[in-house]
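Below you'll find the structure, written out as structure tokens, and then a few comments.
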Amino acid sequence: MKKALATVAVALALPGAAGAQPGGGASVEQGKELYAEHCLSCHGPNGSGVTSTSHPTGALGLHGLGPPLKGVGAQAADFYLTTGYMPLQDPYDQPRHTQSPFNKQEIAALVAYVSSLGKGPPIPKPEPKRSEISRGLQLFTDHCAGCHQVVAEGGYVPNAVAPPLHQATAVQIAEAVRVGPYLMPKFSEGQISDDELNAIVAYVEWAKHPDDRGGWNLGRIGPVPEGLVTWLMAAVVLIGVCLAIGRRAHN
Amino acid sequence: MSGDREEGAQLNALKRWAIAAGVLLLGRKRRRPLVAEPERLVEAGQPDPRAEWLVLALLLGAACAAAGFIAVYSFNHLEHQTQYLGLALGLAFALLGAALGVIGKRLVDDEEHEEEYPLPRHPEAEEEIAQLVQESGDRFTRKRLLLAGGGTAVGALGAALVVPALSLGPFLDTDPFYETPWRRGRRLVDEAGKPFLLDEIETETFYTAYADRASKEELGSPLVVVRFEPSQLHLPSQRRDWAPGGVVAYSKICTHAGCAVALYRKPTFPLVEPGPALVCPCHYSTFDPTRGGNVIFGPAGRPLPQLPLYVDPSGALRARGNFSGPVGPSWWGVRMRKPSTGPST
């Protein structure tokens with residue numbers, strides 16, 4: 001069944017040329033067409049969702065495969081589409097950061113359509129430049145490092161992966177904090193203010209390219225493993241030299 | 001009268017002991033060789049009483065250092081304790097090593113014999129070696145004293161190495177695990193001391209709360225607070241009214257090893273995703289907040305203690321009483337009792 005699902009998902013994921021309007025702005029109309037083509041089978045007509053009790057059933061005749069999208073706003077739609085989490089590869093598996101099958105303009109159209117379904121939060125505009133990395137590190141340690149690790153390399157929770165954040169853009173990080181994708185809790189402004197969020201984004205941006213002292217990527221402490229290997233080889237050579245000298249003296 | 005007689009009996013006993021000790025001491029000196037001594041292999045060396053005293057002093061020093069280790073260990077709050085422990089243990093080993101060094105250098109004859117070794121199992125040679133070893137120790141005049149000194153040093157060191165096993169758990173004083181600052185009416189406050197209002201608690205996220213007017217450092221103080229739709233909660237029947245508005249509060253200290261339960265797993269779409277869970281990042285103990293903190297995965301042996309809540313007229317969350325079980329890691333004997341409210345803080 002998984003194979004069949006995947007086939008359908010791939011088929012659904014291929015964007016049709018019909019919906020694309022070359023050169024046109026993000027129109028709700030175009031978004032609606034794309035939605036009907038790629039999203040409707042799981043999320044239901046007009047973003048009403050397909051829950052365990054809704055009729056008709058969702059993709060592959062299954063009930064309960066897509067949450068309602070009314071009121072999620074441009075923020076969530078933009079996050080899930082730009083990260084490639086949606087369209088979903090497998091509804092029973094965790095979505096991964098992948099290349100979206102839609103182009104930028106198609107994503108903008110879909111986001112415009114989803115945000116027109118109900119009042120919801122807009123796409124956030126983080127300003128990491130206006131914040132301190134050290135403060136961001138502290139906040140990241142408090143709120144995020146438990147799962148994503150303090151260097152934002154990602155980690156594990158039971159039944160899920162906390163993804164590494166090196167691929168995430170500043171906007172996606174800000175969106176994820178507010179949306180709480182998959183198993184991540186969401187953080188409201190009461191918990192992490194916009195100002196603090198800027199600092200966190202600044203830190204994650206820095207963590208993508210941290211100060212590196214060279215060498216193998218072992219905690220970025222410098223070429224220590226290489227040094228150890230060099231010592232090992234030097235020791236072997238040294239023993240060889242000793243043996244040679246000893247043999248000569250013996251003769 | 002009877003007192004005098006008792007005193008006399010004691011004196012008699014003392015006298016007997018003194019005589020026995022005297023005979024023993026004198027007898028030691030005049031021990032006759034039982035058989036004719038065979039020809040010496042190792043040149044007879046001069047006894048070296050000074051070296052023996054030195055060895056004895058070093059051994060006793062090692063014993064003192066080991067005892068010092070135990071003494072330092074028994075202090076609870078000592079600055080630089082680890083360093084002192086290392087120092088004491090290192091000193092003990094160093095002194096023991098020095099004693100062995102002095103024995104090797106100044107008390108044991110180290111004759112060098114150059115000869116072809118015959119094949120193994122050569123009875124004559126073996127006997128010779130045995131004799132050699134025996135005679136090498138000839139210079140020791142106070143063998144037993146030195147042996148006793150060595151025994152003391154090694155025994156004290158052994159004790160020093162075994163004592164830290166006490167840290168595996170509090171055996172006697174487990175009361176602090178049952179004392180928490182929570183009692184009826186105490187408010188839940190955030191890190192800044194602001195009270196938590198029921199209306200401000202959102203679903204799909206988690207909060208850390210502390211006991212009002214109590215130290216945040218106390219083991220029993222921190223809570224993890226989560227809100228659900230009341231229909232999502234499946235608490236045991238006696239805890240029905242512990243979660244006003246679907247807000248549940250659990251101790252933030254993991255029942256396995258005492259780490260902070262810092263992760264909250266929240267499904268976006270529960271129909272196809274794993275259920276909500278509180279997770280400890282240390283060893284991934286996973287607790288179900290909708291079912292009274294039951295363990296659903298990981299090494300924890302008992303549920304997270306739940307704190308009963310109510311909402312006061314101003315809308316702030318307050319404790320209804322103490323936790324449902326002892327807070328903190330599960331030491332031996334900690335699991336049985338119910339927590340009590342400790343002295344007011």
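Would you mind giving the average projected area, over all directions, of the Cα convex hull of the stretch B:168-276 in nm² with one decimal?
That works out to 8.9 nm², a quarter of the Cα hull's surface.
Quick check: convex hull over the Cα atoms of the protein assembly as shown, volume per residue in Å³, rounded to an integer?
343
Tally up the carbon and sulfur contribution to the accessible surface of the protein assembly as shown as a whole percent, 1.4 Å probe, everything protein left in place.
60
Just to be sure I understand: with springs between alpha-carbon atoms less than 10 Å apart, which residue in B:331, B:53, B:17 has the highest mean-square fluctuation in the Gaussian network model of chain B?
B:17
Along the Cα-to-C-beta direction of residue B:194, a point sits 7 Å from the Cα; which residues of the stretch A:185-227 have their amide N less than 14 Å from that point?
Under cut-off, by backbone N: A:188-196.
Counting partner chain Cβ atoms within 10 Å of every residue's Cβ in A:149-156, what's the average?
That average works out to 1.
Put simply, what bits of the stretch B:260-276 lose 30 Å² or more of accessible area when the other protein chains are there, versus the chain on its own (1.4 Å probe)?
B:263, B:265, B:266, B:268, B:269, B:271, B:272, B:273, B:274
Please identify which residues in the stretch A:228-242 have an amide N closer than 13 Å to a label point set 7 Å out from the Cα of residue A:248, following the Cα→Cβ vector.
A:241-242
Of the chymotrypsin sites (Phe, Trp or Tyr not before Pro) in the stretch A:169-251, which ones lie in a loop per DSSP and count no more than 16 other C-beta atoms within 10 Å?
A:216
Report, by chain and number, residues whose modeled amide H sits under 5 Å from the one on residue A:168, excluding near sequence neighbours (fewer than 5 apart, same chain).
Amide H to amide H, under 5 Å and 5 or more residues apart or across chains, residue A:168 pairs with nothing.
Beyond 17 Å, what share of the Cα-Cα pairs of the stretch A:128-207 remains, rounded to the nearest whole percent?
Every Cα pair in the stretch A:128-207 considered, those over 17 Å come to 38 percent.
Counting protein heavy atoms only and a 1.4 angstrom probe, how many square angstrom of accessible surface do chains A and B bury in total, to the nearest 100?
Counting both chains, the buried surface is close to 1900 Å².
Report ³J(HN,Hα) in whole Hz for each residue of the stretch B:265-273, in order, from the Karplus equation J = 6.51 cos²θ - 1.76 cosθ + 1.60 where θ = phi - 60°; Gly and Pro get x.
Whole-Hz 3J(HN,Hα) from phi for the stretch B:265-273: 9, 10, x, 6, 9, x, 5, 10, 10.
Run through the stretch B:37-107 and list the GluC sites (Glu not before Pro) located in a DSSP loop whose Cβ has at most 12 other Cβ atoms within 10 Å.
B:39, B:43, B:79
Restricting attention to the stretch B:171-263, which GluC sites (Glu not before Pro) occupy a DSSP loop and are surrounded by at most 13 other Cβ atoms within 10 Å?
Answer in residue order: B:191, B:217.
Which residue fluctuates the most in chain B, going by a Gaussian network model with Cα springs under 10 Å, if the choices are B:16, B:318, B:40?
Largest GNM mean-square fluctuation: B:16.
Quick one: if the Förster radius is 25 Å, what FRET efficiency do residue B:24 and residue B:51 give, using the C-beta to C-beta distance and rounding to 0.05?
0.50
For chain B, set up a Gaussian network in which alpha carbons nearer than 10 Å are linked by springs, and say which option among B:143, B:15, B:105 fluctuates the most.
Maximum fluctuation in the GNM of chain B, among the listed residues, is at B:15.
Could you report the accessible area of residue A:188 in Å², rounded to 10, computed with a 1.4 Å probe on the protein chains as they sit in the structure?
Around 20 Å² of this residue is reachable by solvent.
How much of the pair distance distribution for chain B lies past 38 Å, counting alpha-carbon pairs only, in percent?
The share of Cα pairs beyond 38 Å in chain B comes to 52 percent.
At a Förster radius of 22 Å, what calculated FRET efficiency corresponds to the Cβ-Cβ distance of residue A:159 and residue B:260, to the nearest 0.05?
Between residue A:159 and residue B:260 the formula returns 0.60.
Which pairs, out of A:129/B:216; A:208/B:266; A:70/A:104; A:32/A:125; A:70/A:208, put more than 32 Å between their alpha-carbon atoms?
As for pairs spanning more than 32 Å Cα to Cα, those are A:129/B:216; A:70/A:208.
The values are calculated or read from the model by the stated rules, or taken from the named source; none is laboratory data. Note that this is a predicted model, so its numbers are computed, not measured. So basically every Cβ, Gly included, is an ideal-geometry build from the backbone, and we count neighbours across all protein chains shown. Side chains are part of the model used for accessible areas, which takes the heavy atoms of the whole protein and leaves out ligands, DNA and RNA. Shrake-Rupley method; radii C 1.70, N 1.55, O 1.52, S 1.80 Å.
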